[in-house]
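First up is the structure itself, then whatever we jot down about it.
All of the numbers you see were taken from the coordinates with simple rules; none came from a lab. Just so it is clear, the model here is predicted, and its values are computed rather than measured. Glycine also receives a Cβ, built like all others from the backbone with ideal geometry; neighbour counts cover every protein chain displayed.
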Amino acid sequence: MGNEQLIERVRNMVREASQIVVLLGVGTIIESGGENIWSSRECYRLEDIYHKSPDEMMSVGFYSARRDKFFEFYRNEIISANLEPASLYYDLKRLQDQGKVKKIITQNTYGLHNKVGLEGVIELHGNIHNNWCPHCGKKFDLDYIQASKSVPLCDECGTAVRPGIRLFGENIANNLMTEAVNACEGAEIILALGTNMYDNMVKFCTGNYKGNKLILLTKEEHYMDKYADIVIHDKVCNSLPQIIG
């Protein structure tokens, strides 16, 4: 079945649905002009510069032991891009305004959904805009981190500021995990955008889903795609507006 027929089929499903849960993968960041630092090409580039893998540099152990190097990497490679939401985010807002999208689950940390006013977003890996002092609890925005010359310190107590994202080696908060699983379990449709069926977030969130409308929209093909009920291989920015109509 070609993409046009699949899009028509999904369009009819969406038209009748009122309980849609959306999973946002790294492909939605790429379509917004960002990079996947865990791609092979980026991993090679970053290891050549920093002599460590992105996983090592973004681990809680490295943050604790080498904060100066952690924040050098974090400023240069994670928060340096000034991303703006791709059109797919605005399409999701239209769908949510129609009362169809109940929850959005993401492991992306750039907070692009906030720029378009999406609600009901479960941020499994946190948000680069929400930083805090682990000693006194003072909050700091992204500008404060970007403006720091080395390790950003709390201007109240001098403690190193904690980035607002999940680092490797840290668990996702139990309440967020439970909320995400429950949302997917009760969904009529799950729209997985810019990801694949091998992704840990997708496998975890959809493990208890009993429906037959797990729809994957993604540009990159993966051998695990066969486990979705419907797969459309194209940029999300191309296929999603056709589905919404």
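Descriptive notes on the structure:
- Over region 66-127, volume per residue of the alpha carbon convex hull, in Å³: 78 Å³
- In this calculation the C-beta distance from residue 242 to residue 81 is compared with R0 = 22 Å, giving a FRET efficiency of 0.20.
- Pairs of Cα atoms nearer than 8 Å and 6+ residues apart set the relative contact order; for the chain it is 25 percent.
- Rounded to the nearest 5, the antiparallel percentage of DSSP beta bridges internal to the chain is 20%.
- All C-alpha to C-alpha distances of region 93-161, sorted into 5 Å bins beginning at zero, yield P(r) values of 3, 15, 20, 17, 14, 12, 9, 5, 4, 0 percent in whole numbers.
- Against the empirical 2.2 N^0.38 Å (N residues), region 1-96 has a Cα radius of gyration ratio of 1.52.
- Remark on region 178-245: ratio of C-alpha radius of gyration to 2.2 N^0.38 Å is 1.07.
- In this label model, residue 151 and residue 171 are separated by 2.7 nm, measuring between points 7 Å along each Cα→Cβ vector.
- Rounded to the nearest angstrom and listed largest first, the equivalent-ellipsoid semi-axes of the chain from its Cα gyration tensor are 34, 19, 16.
- When only alpha carbons are used to place a centre, region 80-139 and region 204-245 end up 20 Å from one another.
- Helical mean residue ellipticity (222 nm; -39500 (n - 2.57) per DSSP H run of 4+; nearest 500) of the chain: -10500 deg cm²/dmol
- In terms of overall dimensions, region 130-245 has a Cα radius of gyration and Dmax of 19.4, 53 angstrom.
- Listed residues 200, 108, 127, most fluctuating in the chain (Gaussian network, C-alpha, under 10 Å): 200
- Region 23-160: Cα Rg divided by the 2.2 N^0.38 Å rule of thumb: 1.15
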